[in-house]
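What follows is calculated from the coordinates using simple rules that are stated; it is not laboratory data. Note that the structure is predicted; figures quoted are calculated from it, not measured. We place every Cβ from the backbone using ideal geometry, glycine too, and count neighbours over all the protein chains shown.
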Amino acid sequence: MTSSNPLSALLPDFGIKQFSAIDLDGRDPGFDTANFAAGVALCPKSLDDIKSIVAWCAKTKTPVVTQGGRTGLAGGTASALGQLVVMMEHMNTIRNIDAGSGVAIVDAGVTLTQLEDAVSSFDLTVGIDLAARGTCTIGGMVATNAGGGEAFRNGMTRQRVLGLEVVLPDGTVMSDLKKVIKANEGYDLKQIFIGSEGTLGIITGVVLKLEKAIGNRKTVLASTKNADDALCYFKRLQAMFGENLLSAEIMWKDYFVTICQELELEGRFGNLQGETYFIADVAVPQDDDRLLEVLGESLEVGEISDAVIAKNEQERNDIWRVREESFLIDKAYPGGCWFDISIPLSELDSFVKESTSRVRAIDPALKVFVMGHLGDGNLHYTIAKDEPVDHLYSDIATALYTGLSAIGGSFSAEHGIGTEKRSSMSKFVDPTKLSLMHAIKATIDPMNIMNPGKVLPPK
């Protein structure tokens, strides 16, 4: 049960919805049960509302935790007693869609699906896709620099943002809502706030670059002997389809088999057998046979062992459910640990094999489930067994992160740092880089009221 926050009695009347501990107990906290631990929340409807809230928080030195769709997986929106939660769900206006320029200006609380639906009528698309598309907000995506399955072709959220509006820790506003790609006006300050996870201010408005809408898609699921073969097949698809290769996902055998069992899809895709499984979407007319041509070439040289092309929307959805419903691993093995890392493509196969060996050296009973975005080398690990393994988190993290820096990888790909990876920041981030981050935080938020205890480790 959420505890009552003593702030509830101290908050002035901002003229907006206030949630008490009882109110919050009746709402979905998202992936982190600590999201509502503060016991009090405000739900602003306008920029002026947020300015007033933050100005009061600055005056009273009250810590602020901003929340969007609460889909984060790294504890970035967890709260505590004495803090004030600011929910962005009513900041959900699409301010402008400039179809001619291919640009949208939106409130931070607009969901990805909401924006996608709005721009589709102009034959445009957001250019970012996430499994949490129905819940995640644009502001949250900016705050965490979300990636997703289209990042290898369209970039991460950072590459999609043209301008930002941010309420700073003193209640003032940085308004930089540019709609153009070329804007060299000194330091590109918006980039500091992208990926800052609410530790520097509250993002209230976003300008996003849009893309031309995607037409007919074909989906293929292929089995391969290893990740190197999957990568060869990916490159062959890239050479054939170019920018029309929309997504490229990879799953290792233990993950694929377990999810198929949980979804009751065993045998749904024929007799596919392999150590890795590859999903690709290509944008081609229905009568375009080039996907079959590439499959034939890959089968002939042994890059893939077998493949299925979705014949209808139901088959396509079934294939993508295996990749996107990864939370079912936690259902099968509750109490596991999740990790989100990036590997140079040339190192994928060897790194997964070596890291799996290091993890199982901790405890041979540990199961290693791996899947991710093949196009950009972003892998998601779930480490679990028949009982909870959270007490092994530090050891498992060390086993997975060993050697990452040496090969040019990253221990944090697209889920952010939050609270979960703060300790890893001290171990794996260049000390000078970390010192600069601390300096930026101290300059912009000297009272440390914006999402304290997140991202940066203690000095």
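Laid out as a table, the results:
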quantity: Some residue of the range 30-39 being touching a strand residue (DSSP E or B) at 6+ places or on another chain (Cβ under 6 Å), assigned to a loop (DSSP other than H, G, I, E, B) and surrounded by fewer than 20 Cβ atoms within 10 Å (Cβ to Cβ); calculated: no
quantity: When residues of the range 3-29 are limited to those that are in contact (Cβ under 8 Å) with a residue 24 or more places away in the chain and among the charged types (D, E, K, R), the one farthest from ALA41 (Cα to Cα); calculated: ASP28
quantity: Matching entry among LYS459, LYS454 (being in contact with a helix residue (DSSP H, G or I) (Cβ under 7 Å, 6 or more places away or on another chain) and basic (Lys, Arg)); calculated: LYS459
quantity: Looking only at the range 389-439, and only at residues there that are assigned to a helix (DSSP H, G or I) and among the aromatic types (Phe, Trp, Tyr), the one that is nearest to LEU456 (Cα to Cα); calculated: PHE428
quantity: Wholly enclosed strands (runs of 3 or more DSSP E) of the range 273-388 bearing at least 3 residues more than 21 Å from the chain's Cα centre (by Cα); calculated: 276-283, 306-309
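So that you can scan it fast, the table gives a plain yes or no per residue for (1) closer than 30 Å to LYS367 by Cβ; (2) among the small types (Gly, Ala, Ser):
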{"site": "GLY205", "(1), (2)": "no, yes"}
{"site": "LEU221", "(1), (2)": "yes, no"}
{"site": "MET251", "(1), (2)": "yes, no"}
{"site": "GLN261", "(1), (2)": "yes, no"}
{"site": "GLN286", "(1), (2)": "no, no"}
{"site": "LEU299", "(1), (2)": "no, no"}
{"site": "GLY302", "(1), (2)": "yes, yes"}
